[in-house]
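Structure first, then comments.
Each reported figure results from applying straightforward, stated rules to the coordinates on display, with no laboratory input. Here the structure is a predicted model, which means the values were calculated and not measured. Cβ placement follows ideal geometry from the backbone for every residue including glycine, while neighbour counts extend to all protein chains displayed.
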């Protein structure tokens, strides 16, 4: 249907309500359609510096349904870096009347002592919204920081007939761009010379609406967008001035944010490091205790504010405050570790929310996070201060597989890839012992967690309500049905690697079925992946996992005296190149057991793997329906 | 000019400045050397304990006969653990758009005795997901055992009412609540959900209404309970202005009714004429009866006009603007309906309601703030409409606005002048049996006996239908498909939908209470399991997962529901040839509660087998929106009966 739409596209000013019927035909189930979305940038030189202005035009036609089905609310944002110049919005009614929006709402600072100024949102409602009405918005800005030009995303929550980015660049400026997203084949790129300027046009016609999935990675992984940036420019003497031509330029910019902090260690911080490391023989044990102290004592509180969003605070200040954002955590870690004799570096990194690489697009937007990297016994170790329960030696899960830009000194830096933690280090081993008693099914649990699984539990333990731990532990342990009742629990913390063993005793009424002389009981207390069949081939957007892992669940049932096992379900193993499972039944003396094992081998599952994934589930689900039976001798 | 006179002039000027800028409002005590409080061991498991919580609302005279309102909150909190640090290391200043910060102080008091004062430069604005902007600052240096002390005073736009919540999830050792004003202004203070007598004294030419509460326990969120409605709450209002000899009570219900009437009927003849044009264009005046008129007008406005609750400018709510822009705020929308109803001669009253999930109108205490939601009441029909809810249609209004008090503005004419007088009485809800959430299903095993074909209808009427109508009407095609899939999966445990249809999804179907029906046919292997040659049918899952209250802490709050309703399920199972059901009696559940001869709640499951059809009949019903504490045990049994039904597994054996 969408393919036939090209004829529908009309130049901006001739689009009107006349096309309502044809738009309805093309988008039979959409309530509104973006007729035209054009974002224009104008990049020139002013006082020998790049100077950027931008403007955006949007035209939304309301198509189907009644007034109350549209959210007429609309908005645009602006900030210190992208200052608002003009804005204007109106509705063109089906009978061609123009109704201007007169009320705009913006959050404004009123207090003089407040310097904070971040992104602001201005919102308004289009008046007289009904089928055939067209909402028009026009906004212009001046972009104060040309290092920080936002990428242009073509798609929105409604389909767009024309979605377009236009960048006009004066002849002395060299522009670079990169198309990103799952499928960029529909984006056409043209470069046109006009007077002394080059005009880059990126156009996506008939761009479908965004789809959202809760388990998808960040938007930038799949939504089609253009990243564009100034590579270099010629100054008035004709010299080429590098701007963001490569990682060296970016490093120079990044280094400027950290060069003047942590000139001197504060006495208090010194005292803390001295007392933490007094008994440490090795550099590693010093590093461990310092990392542990920061994790335990500096709380993550983030206030992004203008340039403060890039400059870490002084380690001494972070120490006094006992809180900080990622940059502050990197600052205090780096300072404390260096003072203790451990070589430590400020490090910029992008989290797994984003796909960008320093080597592909050397831009500030590649990194949205800062950590500390140490060099210990010839090996680089990544320490993320914002993760209070991360194990020393493991990167935070959200930085795995990402490029880190490590600041060695003013001139030198390294780009290293953060490793992915092997699945053998992120494990769950969970054993349940079941006994049939006259009062119903009773059981014991022992659950051992390592790696990121253990970190997660440590994180939860920090914030669970101590008055009501039994409820939280019940949720952690629940199996069989929701009638699972936790009677007691015990937590065994295994330092220093943050393993943890949780154990408990429970009852599970109404789970085992007793009819006449027989018991029926399904040993699949867990039915993982039920309801997780992927909508293939419809879905194209990948699925993201926090880490790769190995999980093993053993369920043991004691055959009561006087009973014998009359049916033991068959075992089965199934693996393909994407995923797999092992389901093993066994009988050993008076115990019957089921062992369920699952490995997760990838951080991201892409659409080419969905079919194989579903195939595994197709083999797995019938096994969940196998119930064993016991009969009286 | 000699030196002496200069000094005189300066002194006078500063005195004047003092008067003009800084009224003599009460100042918060800020001790020089704060000490950490020792906390009773019984609070050891609390994340934090509030040592003291002081709230003060002070009214002062300003120039030009204006009265200003200052709001002060002062808290000292003892922190026990990481959760406590997380909860108090960021302090939010509750500030509306029209308030100014007059004073703010905050400090962390560390176990060693060191204190760290807040640097005002570190106060920031943030925009939260709820769309509001807050001032926020972070408390520095916090560790376990620290205390956080802060206060701020803001100048608000003056209102003579207020509602303060004085209970939280953690205990509060002492709460002091004060309303202060010039001696002539007499405020009344009333506590809700607890009792704390208020005192009224005049000290230093200020009148102080005060109440003090000690040892307020923490309150937890519970299932089927309205936390906001159940927390300790204090309300206040200005009751008298004794200047002169006036003894007239202020801000009465009658006065509110009069004002509301005035505001909603405030439009020009020209505007009235423009609204009247809609009547003739749409032929509403030709409709046979009042109900037809009301419903036609409501349907038209809700389909053609948008409602925006944030639109509160005078111009945006002028009837002419509403008619032109086809969008109205609360006042503008009420005017639009009023003008049309007036033209049609519809007999109506304005009613203002509270939201019983949070607060209710108290007849004895005229807190105008509790009259938040306007609805129309039609005395002839004894029914309501909710103009500000486009998804509700006659006679349905948002359920939490019902079964609670309303302020009825009854029209009264004095010659050519019309106004309204107030009557406080409950806003009745539609009868419980008009709201249903039913299921009709037929289950049949396929020839291989490893899967089921399920033909089922999920049926929604009344209050229960409206969230579903929202979902079906406001979604796009993709979302609708997804929603059908989720709904079906929850009942039939299958994503394998063979066919689906949605009937009567329109909002206009609410008026005749046409059932919204989701009819699906699915093929599912999930409900059937095998044990050797026996078939296990997890019939209990066919009603979808039910809420359980198996492992509960001691109950703190009574039971509150959005609405009473009935859930009737009829499930037919075709028993496969050659098989018999070994345990049909597992289906029998009978858990009911009777009060004064009426079965007010219950879960009853029965069955019969005719030929090869097993027919299961479940009636789960809750007649009330509210069950008191003493009925909680019984309520819990009934909730758990439906959760127990989920566990019923039928064993099908080959006949003998």
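Placing a label point 7 Å from the Cα of residue B:382 along the Cα-to-Cβ direction, no residue of segment B:578-617 has a backbone N closer than 11 Å.
For segment A:503-517, backbone nitrogen atoms closer than 18 Å to the point 7 Å from residue A:487 Cα along Cα-to-C-beta are found at A:503-512. Over all orientations, chain A has a Cα convex hull whose mean projected area works out to 37.0 square nanometres.
Taking the 0 to 90 degree range and rounding to the nearest ten, how far is the long axis of helix A:283-297 tilted relative to the main principal axis of chain A, both from C-alpha atoms? With rounding to tens, the tilt is 80 degrees. Annotation for residue A:248 and residue B:52: the two label points, set 7 Å from Cα along the Cα-Cβ direction, are 6.5 nm apart.
When each of the peptides B:179-186, A:126-133 is scored by the mean number of other C-beta atoms lying within 10 Å of its residues, the order from highest to lowest reads A:126-133, B:179-186. Where both bridge residues fall in chain B, DSSP classifies roughly 90% of the beta bridges as antiparallel. Once the chain from residue A:121 to residue A:539 is taken as fully extended at 0.36 nm per residue, the excess over their C-alpha distance is 147.2 nm.
Here the simple spin-label model places points 7 Å from the Cα toward Cβ, and for residue B:105 and residue A:408 these points are separated by 5.4 nm.
Once the C-beta distance of residue B:574 and residue A:621 is scaled by a Förster radius of 22 Å, the resulting FRET efficiency is 0.40 to the nearest 0.05.
Name the shape class, rounded, prolate or oblate, that the alpha-carbon gyration tensor gives for segment A:132-177, where a ≥ b ≥ c are the square roots of its eigenvalues, rounded holds for a/c under 1.5, and otherwise prolate holds if a/b is larger than b/c and oblate otherwise. It comes out prolate by the Cα gyration axes. Take every Cα pair under 8 Å whose residues are at least 6 apart in sequence, average their separation, divide by the length of segment B:532-656, and the relative contact order is 44 percent.
Distance between the modelled labels on residue B:45 and residue B:269, one decimal in nanometres: 7.4 nm (7 Å Cα→Cβ projection). Extension gain for the segment residue A:471 to residue A:343, taken as residue separation times 0.36 nm less the Cα-Cα distance, is 41.6 nm to one decimal. Helix B:330-344: angle to the longest alpha-carbon principal axis of chain B, degrees 0 to 90, nearest 10? That works out to roughly 70 degrees. On a C-alpha basis, how far is the centre of segment B:616-648 from the centre of segment A:372-448 in Å? Whole number, if you could? Using only Cα atoms to place each centre, the spacing works out to 45 Å. Using R0 = 51 Å, the C-beta based FRET efficiency linking residue A:275 and residue B:446 works out to 0.10. Straightening the chain between residue B:498 and residue B:157 buys 116.8 nm, computed as 0.36 nm per residue apart minus the Cα-Cα spacing.
Report, as an integer, the average count of C-beta atoms from other chains found within 10 Å of each Cβ along A:623-631. Present the calculation step by step, with values, prior to reporting the outcome.
On the way: counts 0, 3, 10, 3, 9, 2, 7, 1, 1.
Per residue, the average neighbour count from other chains is 4.
Going by neighbour counts of Cβ atoms within 10 Å, the residues A:182, A:594, B:287 line up, fewest first, as A:182, B:287, A:594.
Cα centroids of segment B:194-223 and segment B:287-365: 38 Å apart.
Can you list the residues of segment B:169-189 with backbone N under 16 Å from a point 7 Å past the Cα of residue B:205, pointing along Cα to Cβ? Within reach of a label on residue B:205, which here means backbone N under 16 Å from a point 7 Å along Cα→Cβ, segment B:169-189 contributes B:181-185. Counting, for every residue in B:526-535, the Cβ atoms of other protein chains within 10 Å of its Cβ and taking the mean gives 6. The angle separating the long axis of helix B:632-645 from the principal Cα axis of greatest extent in chain B is about 40 degrees. Note on segment A:415-492: the C-alpha convex hull projects to 7.4 nm² when averaged across all orientations. With Cα atoms as the point set, segment B:512-551 shows a radius of gyration and Dmax of 15.7, 52 Å.
Sort the protein assembly as shown into rounded, prolate or oblate with this rule: let a ≥ b ≥ c be the square roots of the eigenvalues of the Cα gyration tensor; rounded if a/c is under 1.5, and if a/c is not under 1.5, prolate when a/b is larger than b/c, oblate otherwise. Rounded is the answer for the protein assembly as shown, as its axis ratio a/c remains below 1.5. Note on segment A:142-194 and segment B:487-556: Cα centroid distance 48 Å, given to the nearest whole angstrom.
Using the number of other C-beta atoms within 10 angstrom as an exposure proxy, rank A:613, A:591 with the fewest first.
A:591, A:613
Neighbouring Cβ atoms from other chains, within 10 Å of the Cβ of residues in B:303-313, number 5 on average. The order of the peptides A:557-565, B:618-626 by mean Cβ neighbours within 10 Å, most packed first, is B:618-626, A:557-565.
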